[in-house]
Amino acid sequence: MSPAEGADAVERDRVVAAARELAEAEGWAAATHRRLAERAGVDIEALYRRFPDPAALMSAVAVQGFADLAAALAAARAGAGDRVGWPAVVSAYLDFAYANPEVYDAMLAHTADLTLGRDPAPGAPRAAFAELRAAVAPLAAGRDPDTLAELGWALLHGMVMLTRGGRLRPDTQEQREEMAVARLLAGP
């Protein structure tokens, strides 16, 4: 990587980090090009060349979010040691989603071109799906691990969205998580 490319990557990372912080603090509507240029200390024309519209910026934040989610899931699986990693992955996934609601929405509600289970998916979404698959593969017991990972992803995503929307009873959150871990994906 040339020095110019390295500086360009650093500047891009600053803009993506600023967009993420601003979106989490004030919502996506606040992440305007002008505010991001000021916050990241970059030229607004350069920012527009790199991210011509809000969708391009949101997509970059979403890809970074998928990379962060994949890392969190991998760490959770590794921390499980010899035990099945699914319970740790459930906790890590839910923790990430609740701690980063605007990034999570960018990843899974606002950028339909970034998918976890379909090929060809970009690297970061593919890595997140691979971590989900690795966590449920020991539970497959003759079932297709990809389908089981999709089911686990759908379950977790549904829990996140319904909980955040206030549509599930708050006092049963722990019970739902326990059922997702111990019962729903248990072997046949």
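Convex hull volume of the Cα atoms of region 1-52, normalised per residue: 66 Å³. Pairs of Cα atoms nearer than 8 Å and 6+ residues apart set the relative contact order; for the chain it is 19 percent.
Using just the helices of the chain, give the 222 nm mean residue ellipticity in deg cm²/dmol: DSSP H runs with n ≥ 4 each add -39,500 (n - 2.57), and the total is spread over all residues, rounded to 500. For the chain, the value works out to -22000 deg cm²/dmol. Restricting the chymotrypsin sites (Phe, Trp or Tyr not before Pro) of region 75-183 to loop positions (DSSP other than H, G, I, E, B) with no more than 15 neighbouring Cβ atoms within 10 Å leaves nothing. Here the chain is described by how far its Cα atoms reach on the three principal axes: 57, 40, 27 Å, from widest to narrowest. Span-like helix check, the chain: qualifying full DSSP H segments, with Cα axial length of 18 Å or more and mean Kyte-Doolittle of -1.0 or more, are 3-26, 54-79, 86-99, 123-136, 145-164.
When peptides 20-28, 160-168 are ranked by their average number of other Cβ atoms within 10 Å per residue, the highest-first order is 20-28, 160-168.
Just so you know, the Cα atoms of region 1-99 work out to an Rg and Dmax of 16.6, 52 Å.
The numbers here are math on the coordinates, done by the rules we state, and not lab data. This is a predicted model, so every value here is computed, not measured. Ideal geometry is used to build each Cβ from the backbone, glycine not excepted, and the neighbour counts take in all protein chains shown.
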